[in-house]
Every structure is written in structure tokens, then in C-alpha cells.
Amino acid sequence: MAFVSELDRLTRDSQKRHGGIRGTYFTFEQDGIRYLQIDTRGSGERQEKGKTSQTIQIGPEIARLLLPELQRVAASDGGAATPFSGHDSAGKPADVSKLRGSASRFETALQLAGYNWRTDLVRAFVAALLAKRFVVLAGVTGSGKSRLALALGEWLGEGRSLMVSVRPDWTGPEAILGFEDLLSRDGNGSRPWQVPDVLAFMAKAARTPAEPFLLILDE
């Protein structure tokens, strides 16, 4: 068993793939930090088949070091892209209540998906959201402001984000909060309230306050 604390990159002109064996992997948390463990099993030629042969553990630092290489290996056979999601293995939304873990997991997902935002920018973005729940991204056109926000929405999971384009004719709250329909009445004789997508999305988020939602107003 070994925990890899340092890893140096070697350059080799030629290397052949070894014979196949079975292995298992899992992640675990210790003192608020998540680790990956990989166990390999003995080959078929060994006396005790299926017995754990080697165990390797890595932490966040080595995982970040390996991410670019893993991305290149994953893409080398033309396979599908890595799923971009903040859900855990059980399909539950990621816990975004802890700044360090949230920023690290989102940053890792961005790298696996092929994005290349600066680490300090990503962490500042997540920290601002957790602190104020309202963030204004400013910058020149094409700098990736909307794409970063959309990426976070994708990471949170399907149905947990909504992007709305801000229109120049928004002179009141109707586009967000809705309005009373003066031209019709419901079965009780009351005038119905027209609910825009933004209000419906906010109502959905209010019904599940323990889960993260992201509303993006794109100007």
C-alpha cells in the first residue's frame, strides 16, 4: 500500500501496454479532503487469484497534476467526453456548502471537460457565490463570462440553472415577477397571474432550499 505524495513525469520513447488485470477503485474522505484509492488484483497466473496485489492512494494535489494527462488519454480513442456534473455516484447533487471542496470539485470538472480558466478566477467566482449569492461578472466581449456561468449551471445538474437574456425594454419587474392578466379571468372570476420562466424557476428553487440553483441574467 502506498500514498503518492510526489510524482515526477518521465519521458520515454517507447512503451508497450502490459497484460490486463482486474482492479477496483473508490474515494473516501478524511479531515474534509477527498482521496482516491486504486486496488489491483493478482493476474490469472498467480496462486491466489483475485487477491489484492497493489494499492495506490492519491490526494487532490496529485489528482490535479494528472488531470491533463487523463484527459488526453480519455480522448485518444475518440470516446465520449467525460460527464460534466456535480452529482455524486449516487446521483445526488454535490454538497456546495463547503467552499474548499466546492471550488476544487468544480475546477476539476472544468479541466476534465477541456476548459482552461485560471484557478484563482474559478475559486473567486465560487467563493463570491457562496458568500453573497449574487455575482456580477464583468469583462470584455468574448472573455468567457457567460460560458463560465453556464458551466457552473451544467455542473449543478439538469434543471438547476436557467439563463435569461436581459432585454433593453425591461423597464419594470414584469419580465421576472410576472403580471396580472387584465384580459381574462379564471373559474373563480379572479384574474390569473402570468408566470414567466424566471419566476417559475425561482419558485422551484424556493421549494427545495437545500439544493443549489443558478439563475443567470445575461446582458
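Structure notes:
- Solvent-accessible ranking of 16, 145, largest area first, probe 1.4 Å: 16, 145
- Measuring only protein heavy atoms, the 1.4 Å probe finds residue 179 accessible over about 100 Å².
The values are calculated or read from the model by the stated rules, or taken from the named source; none is laboratory data. All values derive from a computational prediction rather than experimental measurement. These accessible areas exclude ligands, DNA and RNA; they are computed on the full protein's heavy atoms, side chains included. Shrake-Rupley method; radii C 1.70, N 1.55, O 1.52, S 1.80 Å.
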